[in-house]
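Notes to accompany the following structure.
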């Protein structure tokens with residue numbers, strides 16, 4: 001019975017990608033939580049001088065079924081972080097976690113692209129914290145693609 005020879009090349013970027021995505025997911029949770037607190041309190045000083053923040057967060061597009069959009073962001077970022085934390089511990093998560101993070105981040109990128117389009121063309125105001133969330137999910141998506149490609153190479 002032939003055994004597959006293990007490659008001597010060790011991928012040193014794996015942990016860097018892992019921890020970068022984890023850090024970005026944590027930043028995403030903080031950003032989306034900030035937006036949720038602002039939405040619930042309507043404390044305008046949280047906008048830090050940007051009126052666009054208020055216009056976007058209190059527009060008719062800021063909720064889906066009465067749930068603030070930021071809640072969906074918090075959940076998505078928490079799920080990504082949880083998947084990463086479970087990867088080393090649970091076999092099925094280790095085998096499918098990279099693909100799951102890719103799927104979640106792809107959904108997030110498409111959704112935030114739509115929300116950004118709404119900000120620019122419909123609401124005509126930009127929320128810097130929403131832009132930060134969009135950038136974070138886009139970076140996670142790019143890193144998830146890299147991780148997926150590297151995983152399939154091994």
task = Could you please let me know if residue 122 is exposed (fewer than 13 other Cβ atoms within 10 Å of the Cβ), touching a residue at least 12 places away in the same chain (Cβ under 8 Å) and in a helix (DSSP H, G or I)?
result = yes
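Restricted to region 75-91, and to residues that are farther than 18 Å from residue 108 by Cα and in contact with a helix residue (DSSP H, G or I) (Cβ under 9 Å, 6 or more places away or on another chain), which residue is surrounded by the most Cβ atoms within 10 Å (Cβ to Cβ)? Spell out the reasoning first.
Our first condition is that a residue be farther than 18 Å from residue 108 by Cα; within region 75-91, this holds for 85-91.
Next cut, in contact with a helix residue (DSSP H, G or I) (Cβ under 9 Å, 6 or more places away or on another chain) only: 85-88, 90.
On the way: 85: 14, 86: 13, 87: 18, 88: 10, 90: 13.
So the residue we want is 87.
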key: Where residue 52 falls short, out of the listed (1) in contact with a helix residue (DSSP H, G or I) (Cβ under 6 Å, 6 or more places away or on another chain); (2) closer than 19 Å to residue 119 by Cα; (3) not in a loop (DSSP other than H, G, I, E, B)   = (1)
request  = Could you tell me whether region 73-95 includes any residue that is within 26 Å of residue 43 (Cβ to Cβ), without any contact (Cβ under 8 Å) to a residue 40 or more places away in the chain and in a helix (DSSP H, G or I)?
outcome  = yes
Test: residue in region 57-72 that is in a helix (DSSP H, G or I), loosely packed, with under 15 Cβ neighbours inside 10 Å and modelled with pLDDT of 90 or more = no
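Can you confirm whether residue 115 is more than 11 Å from the chain's Cα centre (by Cα), surrounded by fewer than 17 Cβ atoms within 10 Å (Cβ to Cβ) and either modelled with pLDDT under 95 or part of a helix (DSSP H, G or I) (or both)? Break it down into steps so the answer makes sense when it comes.
Details: more than 11 Å from the chain's Cα centre (by Cα): yes; surrounded by fewer than 17 Cβ atoms within 10 Å (Cβ to Cβ): no; either modelled with pLDDT under 95 or part of a helix (DSSP H, G or I) (or both): yes.
Answer is no for this residue.
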query = Is it the case that some residue within region 28-40 is in contact with a helix residue (DSSP H, G or I) (Cβ under 7 Å, 6 or more places away or on another chain), exposed (fewer than 15 other Cβ atoms within 10 Å of the Cβ) and more than 29 Å from residue 103 (Cα to Cα)?
reply = no
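The values are calculated or read from the model by the stated rules, or taken from the named source; none is laboratory data. These numbers come from a predicted model, not from an experiment. In this analysis, Cβ positions are derived from the backbone assuming ideal geometry, glycine residues included, and neighbour counts consider all displayed protein chains.
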